Amino acid sequence: MSTTPERGRVSVPAVASSKVRSGSDPLVMVTAYDAPGARMVSESGADMILVGDSLAMVVLGYDDTLSVTVDDIAHHTAAVGRAKPDCLVVADLPWLSYHTSTADTVRNAAVLIRAGAQAVKLEGGAKRVPMISALIDAEIPVVGHLGLTPQSVHAMGGFRVQAKSDEAARTLIADARAVQDAGCFAVVLEGVPSEIAGVVTDALDIPTIGIGAGAHCDGQVLVFHDVLGIEDRLAPKFVRRYGAIHADSVAALTAFGADVRSGSFPDESESYHLNSAVAESLGLYGRAVGATASPG
Ligand code: KIV
């Protein structure tokens with residue numbers, strides 16, 4: 001999509017019509033969970049910010065995404081919103097916020113919209129059609145999420161590449177059509193063979209946004225912490241790192257500790273001082289209170 005500095009906020013219709021086969025640039029989506037992160041993603045010219053439930057794993061320290069709640073996502077969506085990014089802000093509906101009823105789905109999505117999102121994302125295919133329809137009825141734009149759906153980690157038996165068999169690939173393609181027909185304006189394809197992502201991308205009129213789904217999508221999404229190398233743990237092979245923030249941060253913090261221990265931090269320029277009259281009245285001339293407090 002557009003990367004001009006004065007583009008204004010990216011809209012749902014602009015994303016919905018971004019098909020590479022129609023000449024659009026590939027969509028760029030990055031996760032963010034707080035105001036500084038949102039400002040960085042926005043300044044980079046990305047089209048969309050996803051306040052993902054990956055929050056659970058990359059910020060809150062859980063082993064999977066199942067522990068985050070609507071309130072957690074809302075809290076972080078509000079922080080992202082306060083940064084006023086130019087990107088379209090999509091917030092994840094967390095596990096169990098859209099599984100019990102259409103009424104719960106709409107109520108929970110409304111919390112995220114009121115927190116600052118312009119759209120929500122949910123995982124699953126044909127079985128989610130009633131929930132997607134209810135959200136569309138409530139004027140809430142929806143992004144689908146198919147393939148490796150992390151909220152199904154136990155049902156999948158781990159974070160595994162999906163749609164590898166003939167039958168599973170056909171189910172994925174049918175699910176993609178179902179969520180499009182229900183009204184989703186884009187769909188994330190995660191952890192699927194590149195060939196299948198290409199077939200889905202060709203089959204749909206809405207854009208596909210891949211993560212671990214190869215190059216044949218209408219856009220790509222990565223997790224902020226993965227792009228920047230905020231953790232230095234081994235990443236999945238689909239992650240390309242563009243920074244080494246973990247190593248840079250440890251080096252900076254180590255230097256700070258060394259300066260504190262050696263007494264070189266803070267120096268005079270990093271300290272506040274009394275004016276000379278107050279220093280004199282307090283009898284502090286004997287102390288190194290800096291230029292403004294020294295006797296005239
Ligand atoms: O929660 C998340 O970050 C996501 C992306 C991996 C697509 O859903």
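The values are calculated or read from the model by the stated rules, or taken from the named source; none is laboratory data. Just so it is clear, the structure is predicted and the values come from calculations on it, not from any experiment. All Cβ positions, even for glycine, are placed from backbone atoms using ideal geometry, and neighbour counts span all protein chains on display. Calculation scope for accessible area: heavy atoms of the full protein, side chains included, ligands and nucleic acids excluded. Shrake-Rupley method; radii C 1.70, N 1.55, O 1.52, S 1.80 Å.
Tabulated results
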{"item": "Residue in segment 122-143 that is of a type in the set (S, T, N, Q), closer than 23 Å to residue 15 by Cα and surrounded by 18 or more Cβ atoms within 10 Å (Cβ to Cβ) present", "result": "no"}
{"item": "Candidate set from segment 143-175 (those that are of a type in the set (Gly, Ala, Ser) and either in contact (Cβ under 8 Å) with a residue 12 or more places away in the chain or touching a Leu at 6+ places or on another chain (Cβ under 7 Å) (or both)); member that is farthest from residue 197 (Cα to Cα)", "result": "152"}
{"item": "Residue that is farthest from the ligand (Cβ to nearest atom) [pool: residues in segment 141-158 that are under 19 Å from the mean Cα position of the chain (by Cα) and part of a loop (DSSP other than H, G, I, E, B)]", "result": "141"}
{"item": "Hits in segment 144-198 - residues which are in contact with a helix residue (DSSP H, G or I) (Cβ under 9 Å, 6 or more places away or on another chain), of a type in the set (D, E, K, R) and either open to solvent by less than 10 Å² (accessible area, probe 1.4 Å) or over 26 Å from residue 68 (Cβ atoms) (or both)", "result": "164, 177, 181, 195"}
{"item": "Options 66, 88, 93: the member that is touching a Ser or Thr at 6+ places or on another chain (Cβ under 8 Å), closer than 23 Å to residue 155 by Cα, within 16 Å of the ligand (Cβ to nearest atom) and assigned by TED's automatic domain parsing to the domain that holds residue 189", "result": "93"}
{"item": "Complete set of residues in segment 120-140 that are touching a helix residue (DSSP H, G or I) at 6+ places or on another chain (Cβ under 6 Å) and outside any loop (DSSP other than H, G, I, E, B)", "result": "120, 126, 129, 130, 131, 132, 133, 134, 135"}
{"item": "Top-ranked residue in segment 18-60 [being away from the ligand (no atom under 13 Å from the Cβ) and of a type in the set (S, T, N, Q); ranked as farthest from residue 224 (Cα to Cα)]", "result": "22"}
{"item": "Any hit, segment 230-243, residues being in contact with a strand residue (DSSP E or B) (Cβ under 6 Å, 6 or more places away or on another chain) and open to solvent by 40 Å² or more (accessible area, probe 1.4 Å)", "result": "no"}
{"item": "Matching strands (runs of 3 or more DSSP E) fully within segment 1-117 where at least 1 residues are under 21 Å from residue 222 (Cβ atoms) and open to solvent by 60 Å² or more (accessible area, probe 1.4 Å)", "result": "27-31"}
{"item": "Residue satisfying condition, being under 26 Å from residue 57 (Cβ atoms), touching a Leu at 6+ places or on another chain (Cβ under 9 Å), assigned by TED's automatic domain parsing to the domain that holds residue 174 and surrounded by 13 or more Cβ atoms within 10 Å (Cβ to Cβ), within set 201, 208", "result": "208"}
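Quick grid of which residues meet (1) closer than 21 Å to residue 55 by Cβ; (2) assigned to a helix (DSSP H, G or I); (3) touching a Pro at 6+ places or on another chain (Cβ under 8 Å); (4) small (Gly, Ala, Ser):
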position: 196; (1), (2), (3), (4): no, yes, no, no
position: 199; (1), (2), (3), (4): no, yes, no, no
position: 206; (1), (2), (3), (4): no, no, no, no
position: 210; (1), (2), (3), (4): yes, no, no, yes
position: 215; (1), (2), (3), (4): no, no, no, yes
position: 220; (1), (2), (3), (4): yes, no, yes, no
position: 232; (1), (2), (3), (4): yes, no, no, no
position: 235; (1), (2), (3), (4): yes, no, no, yes
